[in-house]
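Values in this text are rule-based calculations from the coordinates and carry no lab data. Please read all numbers here as calculations on a predicted model, not as lab measurements. Here the Cβ positions follow ideal geometry from the backbone for every residue, glycine too, while neighbour counts run over all protein chains shown.
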Amino acid sequence: MLVDVDALLPANRATYRYDGSLTTPPCSEGVRWFVMQTPVRLSAEQIQRFRAIIQGNNRPVQPLNGRIVATERMTEER
């Protein structure tokens, strides 16, 4: 099955970027995250199908601990 990933992404490709860690044990650091500024919308059925093949893909939100969150236009430190 061929999936056109480009078709799944929003037209606005702006991202937030930050250094973080894996979302599953061992939660190792050294991961660079890119988060789309424009949310990608999924139906309940699409989410259910995703969960059927990807399991354990979550972790509680962690404090920034001095990490820098950057965008194309500016860099913010919180």
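Note that the chain shows a convex hull volume over its alpha carbon atoms of 136 Å³ per residue.
The phi-based Karplus calculation (6.51 cos²θ - 1.76 cosθ + 1.60; θ = phi - 60°) puts the 3J(HN,Hα) values of region 31-36 at 9, 9, 9, 10, 10, 4 Hz, whole numbers, x for Gly and Pro.
Taking amide H as placed 1.01 Å from N in the peptide plane, the amide H of residue 64 sits under 5 Å from none that are at least 5 places away or on another chain.
Scalar couplings 3J(HN,Hα) for region 42-48, obtained by applying the Karplus form with A = 6.51, B = -1.76, C = 1.60 to θ = phi - 60°, are 10, 7, 4, 5, 5, 5, 4 Hz; x denotes Gly and Pro.
Could you compute the FRET efficiency for residue 46 and residue 22, with r as their C-beta to C-beta distance and R0 at 22 Å, rounded to 0.05? Here the calculated transfer efficiency is 0.40.
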